[in-house]
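Below: the structure, in structure tokens.
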Amino acid sequence: MKKTMITMLLLALTMGVAAQSADSTSEKNDTAKSEPFVCQLVEQQPSFPGGDEALKKFFKKNLHYPRLAEDYDVEGTVIMTFFVEKDGTLTNISAHDCKIDRFNTTKFSQETEAKQKQLKEQFALLFAKEGARVIRKMPKWIPGRYNDDIVRIKFNLPIRFRDPSK
């Protein structure tokens, strides 16, 4: 079995709507920064072309489990946040709330407390970077709608990293 194959579990897709632009830490194509979305409710959430099954297949094909995480048997979840613009492009990609769910306690306990803290931060950063890389590869999404108008919507997408050897 290929080591790069990821068993990806999507948590329930969640979405959030904001009246202001999100901070852009990893994306420069902020095409609609000057056009804030002020509506709090939507009739139709944005969606990946082909739906949830197509999104799962996309992640299975494109998401890579980081090598360092493999060394320590680390699993975790990162919440990726981005805007789905009116034309379906994804902008303002950033990572929030990266949580380490599991790791090899025997190997991890051999490290100093300072090294353990450093490793946890490194795992969170690796998961965030990989999540952002994959989202940047995505095709345009089907935009959301409100009052029959296509609208810009902030979207939260949880990505679960699982050890492919398990």
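Quick one, can you get me the convex hull of the C-alpha atoms of region 68-136 expressed as volume per residue in Å³?
Numbers: hull volume 5.1 nm³, N = 69.
Spelled out: Cα convex hull of region 68-136, divided by residues, is 74 Å³.
Just flag the GluC sites (Glu not before Pro) in region 35-99 sitting in loop per DSSP whose Cβ has no more than 12 other Cβ atoms within 10 Å. Before the final figure, lay out each step's value.
On the way: sites: GLU43, GLU53, GLU70, GLU75, GLU85; in loops: GLU43, GLU85.
Passing sites in region 35-99 are GLU43.
Projected onto planes of every orientation and averaged, the convex hull of the alpha-carbon atoms in region 36-165 covers 9.0 nm². Ordered from largest to smallest accessible area (heavy atoms of protein chains, 1.4 Å probe), the residues VAL42, VAL74 come out as VAL42, VAL74.
With an 8 Å Cα cut-off and a minimum separation of 6 or more residues, compute the relative contact order for region 72-166 in percent. Walk me through the intermediate numbers first.
Working: 157 pairs, mean separation 42.7, N = 95.
Reported as a whole number, the value is 45 percent.
The values are calculated or read from the model by the stated rules, or taken from the named source; none is laboratory data. Because the structure is a prediction, the values reported are computed rather than measured. Virtual Cβ from ideal backbone geometry, glycine too; neighbours counted across all protein chains shown. Ligands, DNA and RNA are stripped out before the accessible areas are found, and what is left, the full protein with its side chains, is counted by its heavy atoms. Shrake-Rupley method; radii C 1.70, N 1.55, O 1.52, S 1.80 Å.
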